[in-house]
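The values are calculated or read from the model by the stated rules, or taken from the named source; none is laboratory data. Note that the structure is a prediction, hence the values are computed from the model and not measured. Here the Cβ positions follow ideal geometry from the backbone for every residue, glycine too, while neighbour counts run over all protein chains shown. The area values use the complete protein model at the heavy-atom level, side chains included, leaving out ligands, DNA and RNA. Shrake-Rupley method; radii C 1.70, N 1.55, O 1.52, S 1.80 Å.
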Amino acid sequence: MPNADSIVPNFHGTFSYGIDDNGRVMVPAKWRPRKAHVLFTVILWPIEAERYLLVLPPERWKAMLDKLKMKSLSDEGVAALERVIGSTSAQLTLDRVGRFNLPEHLTGPAEIEKEAAFVGRLDKFEIWSRQRLGAATTEDKRTAAAILKQTDL
């Protein structure tokens, strides 16, 4: 998880922003990197369901790539995973005013149209359609409660 000196902050809270006609959406001010031109990796997630966009800051993306690099080049399952992630992702930076320009090949399947809901996940965040997020929240709370019982925090 990023520390207090990290270029990218931790991601807490839920925020909603409108998407303009050019596909641009504000990123919460608290979540913007301290330096310009930080490259975020945005992936249509989960792979099979494509319900939202998973946004990974550079540190988290690097950790994911490092795990994939440890796999055999001849592993067809890993090759399939890399192809799917490569074709359903984009690398984005914020513009001067703190917006992402969300590509249609990601927003379409996730049904993100006029409004986007940003959900913090500590060292990463998600971008949802408000409707899909509302439907998922109740199930998430049930799942989280069950996991909390099993976890020694």
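Scanning region 82-103 for residues that are closer than 21 Å to Glu115 by Cα and surrounded by fewer than 14 Cβ atoms within 10 Å (Cβ to Cβ) yields Gln91, Thr93, Asp95, Arg96, Val97.
Remark: Thr107 falls outside the filter, which requires a residue to be in contact (Cβ under 8 Å) with a residue 60 or more places away in the chain, closer than 21 Å to Gly134 by Cβ and open to solvent by 60 Å² or more (accessible area, probe 1.4 Å).
Here Ala117 passes the criteria (1) open to solvent by 30 Å² or more (accessible area, probe 1.4 Å); (2) aliphatic (A, V, I, L, M); (3) closer than 22 Å to Val38 by Cα except the one numbered (1).
The residue that is surrounded by the fewest Cβ atoms within 10 Å (Cβ to Cβ), among those in region 121-152 that are assigned to a loop (DSSP other than H, G, I, E, B) and without any contact (Cβ under 8 Å) to a residue 24 or more places away in the chain, is Asp152.
Across region 19-73, the qualifying residues are those that are in contact with a strand residue (DSSP E or B) (Cβ under 7 Å, 6 or more places away or on another chain) and among the β-branched types (Val, Ile, Thr), and the one among them that is most open to solvent (accessible area, probe 1.4 Å) is Ile19. Taking first residues from region 53-77 that are over 27 Å from Val38 (Cβ atoms) and partners that are open to solvent by 60 Å² or more (accessible area, probe 1.4 Å) and modelled with pLDDT under 95, the Cβ contacts under 9 Å between residues at least 6 apart in sequence or on separate chains come to Gly77/Lys71. Looking only at residues of region 1-44 that are closer than 22 Å to Leu133 by Cβ, part of a loop (DSSP other than H, G, I, E, B) and of a type outside the set (S, T, N, Q), we find that the one that is modelled with the lowest pLDDT is Pro9.
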